[in-house]
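Read through the structure below, which is laid out as structure tokens, and then see the notes.
Throughout, read-outs are computed from the coordinates displayed, never taken from laboratory work. Bear in mind the structure is a predicted one, so any value in this text is a computation, not a measurement. So basically every Cβ, Gly included, is an ideal-geometry build from the backbone, and we count neighbours across all protein chains shown.
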Amino acid sequence: MNTKRILIIGGPGTGKSTLITALEEKGYTCFHEISREVTAAAQKQGIEQLFLTQPLLFSELLLKGRIEQFKAAEQLEADYAFYDRGIPDVAAYMDYTGDTYPEMFREACKNHTYDIAFMLAPWKDIYEQDNERYESFEQAEKIQKYLTSAYESFGYTLIDVPFGTVSERVAFILNTLKNH
């Protein structure tokens with residue numbers, strides 16, 4: 001079976017993880033955001049924000065994990081696999097911070113393409129900061145622009161998910177997939 005890889009992307013605090021959880025509860029295969037795991041592991045080692053202190057190492061760990069998630073879909077017997085962020089997110093965040101990164105990052109984006117990308121816009125009403133999400137809402141809006149630019153540079157046509165309840169957003173995604 002050729003499982004379609006479906007991205008749920010957007011800046012911090014846009015509701016991606018909530019949608020992924022809702023899709024998972026409906027029985028869909030979902031790959032969760034791994035940056036929280038990488039951040040939490042670094043915090044256990046006494047590094048408060050690995051992304052801020054060692055952005056290249058953090059990004060390399062994300063890239064490796066996201067490639068593993070991408071490849072895992074090859075073993076699935078499912079119509080769809082949903083991803084909370086994708087490989088191009090890594091390049092977008094590095095562009096946002098102004099840090100340089102090896103060409104292998106761009107090559108990974110070109111060599112691992114997802115089938116459909118849904119974009120969630122910054123939404124002030126649901127935005128919350130926490131231990132792993134240090135960005136302000138204004139920073140989240142800026143990151144959104146870098147994400148859009150990165151994905152479009154790799155040839156993606158982003159599908160904007162409208163604001164609404166979780167069930168409305170899930171219905172929008174599933175209805176769009178039926179018609180795609």
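Rounded to whole Hz and in sequence order, give me ³J(HN,Hα) for the stretch 91-99 from the Karplus expression 6.51 cos²θ - 1.76 cosθ + 1.60, θ = phi - 60°, writing x for Gly and Pro.
Coupling constants for the stretch 91-99: 5, 4, 5, 5, 5, 4, 7, x, 7 Hz.
Can you list the HN-Hα couplings for the stretch 100-112, worked out from phi with the Karplus curve (6.51, -1.76, 1.60; θ = phi - 60°), rounded to whole Hz and with x for Gly and Pro?
The phi angles translate into 7, 8, x, 4, 4, 5, 5, 4, 4, 5, 6, 8, 10 Hz.
Any chance you could give the angle, 0 to 90 degrees and rounded to 10, that helix 137-153 forms with the longest Cα principal axis of the chain?
With both axes taken from Cα atoms, the answer is about 70 degrees.
Counting pairs of alpha carbon atoms under 8 Å apart in space and at least six apart in sequence, what relative contact order in percent does the stretch 4-178 give?
35 percent.
Can you tally the lysine pairs in the chain where the Cα-Cα distance is under 18 Å and the two residues are eight or more apart, or on different chains?
13
If you build a Gaussian network model of the chain, linking Cα atoms that sit under 10 Å apart, which residue out of LYS16, LYS44, LYS142 swings the most?
Largest GNM mean-square fluctuation: LYS44.
What is the diffusion coefficient of the chain in µm²/s, taking the Kirkwood radius over Cα pairs and the Stokes-Einstein relation at 37 °C with a viscosity of 0.692 mPa s?
Values: Rh = 16.6 Å.
Approximately 198 µm²/s, per Stokes-Einstein.
Under unit Cβ charges (Lys, Arg +1; Asp, Glu -1), what dipole magnitude, rounded to 20 debye, does the stretch 4-178 have relative to its Cα centre?
240
Whose amide H sits under 5 Å from the amide H of GLY10, counting only residues 5 or more places off or on another chain, with H placed in the peptide plane?
Placed amide hydrogens put LEU120 under 5 Å from GLY10.
Pick out, from PRO88, GLN69, GLN43, the residue whose Cα sits farthest towards the positive end of the charge dipole of the stretch 30-90, with +1 on the Cβ of Lys and Arg and -1 on the Cβ of Asp and Glu.
GLN43
For a quick check: sort ILE173, ILE6 by the number of other beta carbons within 10 angstrom, fewest at the front.
Ordered from fewest to most neighbouring Cβ atoms within 10 Å, ILE173, ILE6 come out as ILE173, ILE6.
Based on DSSP H runs of at least 4 residues, each adding -39500 (n - 2.57), what is the mean residue ellipticity at 222 nm of the chain after dividing by all its residues, to the nearest 500 deg cm²/dmol?
Rounded to the nearest 500, the figure is -15500 deg cm²/dmol.
So who's got an amide H within less than 5 Å of the one on LYS4, skipping anything under 5 residues away but keeping other chains? H placed 1.01 Å off N, in plane.
The list, which skips near neighbours in sequence, is TYR80, ALA81.
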